[in-house]
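This report refers to the structure that appears directly beneath it.
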Amino acid sequence: MRTKGSEIFPVALILLALIAVLYIFGIDRFGLFDVDEAIFAQASSEILEKNDWISLTYNDVPRYHKPHFIYWLQALSMQNFGIDAFAARLPSAIAGFLTILVFFLSVEVMTKNVRYATMAAAILGLNISFLVITQAATADMLMNFFSLSIAMAVLANLYAKQYSVMTLVICGMLVAGGILAKGPVVGIAPALAFLAVAIFRLDEIGYVFRAVNPFVIVPVAAVVLAPWLYALYDAGIFMDFFREFLGVHNVARFADGFGNTQSSSPLYYVWVVLIGFFPWSLLIPGAFFWILPDFIHRLRSTKAMDALPAIGLIWFVGYVVFFSFSHTKLAHYILPGYAGAALLLAGRLDALPRNKLVGVNMVWTVPVIALVSLVFFLFKWVPSAILNQGALADFVAMLSKSFNFEWPVTDIQLLNIMSQNVHIGIVPIMVGAIMLVGVTAGFVLMTNGYRQGVVMTGAAMWMALFLIKFDVVPTVYAYQQQPLANLATKLKEEYKEGDQVYYMSLHQPSLRFISRIPFKAVDAPGIILADYSKAPNTWVATEEDKVWEFEDGLAGAATIEKTCEAGYCLLRIQK
């Protein structure tokens with residue numbers, strides 16, 4: 001039996017193939033970024049160094065920030081492919097592709113609508129946020145895979161004509177995997193999806209409960225987690241691990257924060273969605289007003305095709321609202337909520353052409369598309385503008401007077417980084433042109449009722465994201481990380497057994513990962529100046545504006561060899 005939209009099944013296969021290429025091909029095009037990527041990768045490499053898969057460490061110090069799954073996967077990858085950026089990122093890239101694959105298959109099986117499933121997969125997979133996290137050697141994409149998979153398993157059981165106990169068993173295993181990936185946060189998306197159904201189908205609450213039976217899911221999850229929990233207990237770190245992981249990195253992050261939030265504004269995630277979920281974010285207001293008239297009716301429907309867009313709205317909005325109350329706000333926290341937005345938007349676009357987009361949308365969407373494109377058009381001149389040089393700097397200075405923000409830039413380290421002679425070619429301009437022309441044309445077609453606009457927008461975003469990954473991000477790496485990589489390579493090549501290594505007022509884990517040499521962290525030169533004579537060589541990684549503290553402190557009592565790049569310095573002190 002041919003399902004609705006099955007004539008575009010080849011398009012779905014092409015989409016999945018292109019997403020696999022985008023996510024997995026060239027993940028080592030650039031090295032690891034500080035801070036999170038390098039810390040995760042280094043902790044994973046220490047599993048292999050120590051042959052200890054339970055007592056995780058970073059620089060030989062216990063690390064209990066996250067559960068073990070991502071570290072295990074990265075360590076296995078490194079064991080097979082080498083200790084480098086490719087191996088560190090491979091688990092995230094594969095998890096990203098599997099997320100899109102599971103999403104597409106689940107939606108298609110539930111709705112029997114290939115077209116809807118394909119559009120939902122394209123929306124979820126072709127945006128800036130999703131690409132960034134698939135390329136990051138962190139736990140976030142792995143957690144997102146489990147979070148989405150649990151939610152889709154829950155929904156599949158709810159909308160099946162006969163719910164399956166096996167689906168519940170699989171769901172329990174996925175819950176265990178999600179907890180091992182990042183902890184209880186994995187349950188937020190499934191809980192929102194379940195509540196969206198349960199609240200509006202109270203007349204079928206018995207069926208709803210049995211379809212998501214916790215008396216099956218929880219025991220299965222407990223059985224799967226039991227060996228890990230016992231291993232923590234046997235290693236003597238059970239209480240220490242959960243005290244730091246749950247107490248500090250879950251409860252304290254949400255309730256109190258501890259200095260690493262990117263914003264305190266309650267509207268922070270509005271801007272994150274606008275940019276991170278671009279260009280699909282521009283369709284959200286219209287989709288909201290489209291679904292509002294029959295929102296309750298859809299949630300009460302037993303047909304997945306009717307219900308999923310409405311469930312998606314609750315899933316997405318609930319996720320954004322929940323983390324808007326968190327004292328620690330980071331852009332990637334709401335990534336699992338984008339699947340809900342994809343369900344909503346795909347439902348809206350599947351209603352084309354019988355229900356056209358409101359033409360007035362173009363009045364505000366085109367300027368936003370143009371503004372995002374302008375960022376890439378001007379990318380080549382950003383370094384000189386930060387250095388307060390050129391016409392762009394003059395324009396920003398004019399804006400600073402109108403909008404009352406500080407200009408010019410005074411951060412010495414940033415100015416040192418931007419002073420490097422890094423070649424920036426024409427590719428960012430190509431990205432801007434692709435977005436401006438391709439995305440705008442796609443939106444025009446969608447506004448006029450043509451589903452082909454979705455294909456054009458998706459194709460434009462794939463090309464833009466591909467160029468961003470292969471040229472724009474490597475350029476950012478050349479500015480931000482390459483100087484540190486060069487210093488780490490020098491340390492690795494010239495370090496001799498018995499030397500001491502210190503990082504002073506510098507938190508750049510990429511130095512540790514690339515050099516492979518343990519270090520002692522200090523905030524002031526006192527300990528170093530007191531102990532430098534105890535080793536043949538004392539190496540110090542610090543910022544250039546702190547070098548004088550060693551030159552004055554030693555006052556000719558020792559030889560200092562200084563290698564500096566972009567405001568970072570590696571000192572070799574010899575007695």
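Listed conditions (1) modelled with pLDDT of 95 or more; (2) in contact with a Lys or Arg (Cβ under 9 Å, 6 or more places away or on another chain); (3) closer than 17 Å to residue 308 by Cβ are all met by residue 159, apart from (1). Take residue 231 and decide whether it is at pLDDT 95 or above, assigned to a helix (DSSP H, G or I), closer than 30 Å to residue 120 by Cα and open to solvent by less than 80 Å² (accessible area, probe 1.4 Å). It is false that residue 231 is at pLDDT 95 or above, assigned to a helix (DSSP H, G or I), closer than 30 Å to residue 120 by Cα and open to solvent by less than 80 Å² (accessible area, probe 1.4 Å). Annotation note: Cβ proximity below 8 Å between a residue of region 189-217 that is open to solvent by 50 Å² or more (accessible area, probe 1.4 Å) and a residue that is part of a helix (DSSP H, G or I) and not hydrophobic (A, V, I, L, M, F, W, C) (sequence gap 6+ or interchain) occurs for 200/300. Restricting attention to region 483-503, the residues being in a helix (DSSP H, G or I), without any contact (Cβ under 8 Å) to a residue 60 or more places away in the chain and either farther than 19 Å from residue 539 by Cα or touching a strand residue (DSSP E or B) at 6+ places or on another chain (Cβ under 8 Å) (or both) number 0.
Of all residue pairs spaced 6 or more apart or on separate chains, those with beta-carbon atoms under 6 Å, a first member in region 389-410 that is of a type in the set (A, V, I, L, M) and a second member that is open to solvent by 90 Å² or more (accessible area, probe 1.4 Å) are 392/381. Counting only helices (runs of 4 or more DSSP H) that fall entirely inside region 1-96 and contain at least 3 residues that are under 30 Å from residue 247 (Cβ atoms), open to solvent by 30 Å² or more (accessible area, probe 1.4 Å) and touching a residue at least 24 places away in the same chain (Cβ under 8 Å), the qualifying elements are 69-81.
The one condition from (1) open to solvent by 40 Å² or more (accessible area, probe 1.4 Å); (2) in a loop (DSSP other than H, G, I, E, B) that residue 297 does not meet is (2). On the stretch given as region 528-575, residues that are more than 38 Å from the chain's Cα centre (by Cα) and either among the aliphatic types (A, V, I, L, M) or in a strand (DSSP E or B) (or both) total 12.
Scanning region 331-354 for residues that are open to solvent by 10 Å² or more (accessible area, probe 1.4 Å) and modelled with pLDDT of 90 or more yields a total of 4. Only one entry of 277, 288, 316, 322 meets the criterion of being touching a residue at least 24 places away in the same chain (Cβ under 8 Å), open to solvent by 10 Å² or more (accessible area, probe 1.4 Å) and within 22 Å of residue 131 (Cβ to Cβ), and that entry is 316.
Only a single criterion out of (1) at pLDDT below 95; (2) over 23 Å from residue 414 (Cβ atoms); (3) open to solvent by 50 Å² or more (accessible area, probe 1.4 Å) is not satisfied by residue 516, namely (1).
The residue that is nearest to residue 121 (Cα to Cα), counting only those in region 417-466 that are part of a helix (DSSP H, G or I), of a type in the set (S, T, N, Q) and at pLDDT below 95, is 452.
Of all residues in region 355-369, count the ones that are surrounded by 21 or more Cβ atoms within 10 Å (Cβ to Cβ) and of a type outside the set (S, T, N, Q). I'd like the intermediate steps shown before the answer.
The first filter runs over region 355-369 and keeps only residues surrounded by 21 or more Cβ atoms within 10 Å (Cβ to Cβ), leaving 357, 365, 369.
So of that shortlist, the ones also of a type outside the set (S, T, N, Q) come out as 357, 369.
Residues in region 355-369 being surrounded by 21 or more Cβ atoms within 10 Å (Cβ to Cβ) and of a type outside the set (S, T, N, Q): 2 in total.
All told, residue 384 meets the bar of being free of Cβ contacts under 8 Å to residues at least 60 places away in the same chain, open to solvent by less than 40 Å² (accessible area, probe 1.4 Å) and more than 19 Å from residue 470 (Cβ to Cβ).
The values are calculated or read from the model by the stated rules, or taken from the named source; none is laboratory data. This one's a predicted model, so the numbers in the text were calculated from it and none came from an experiment. So basically every Cβ, Gly included, is an ideal-geometry build from the backbone, and we count neighbours across all protein chains shown. Just the protein is used for accessible areas: all its heavy atoms, side chains included, with ligands, DNA and RNA removed. Shrake-Rupley method; radii C 1.70, N 1.55, O 1.52, S 1.80 Å.
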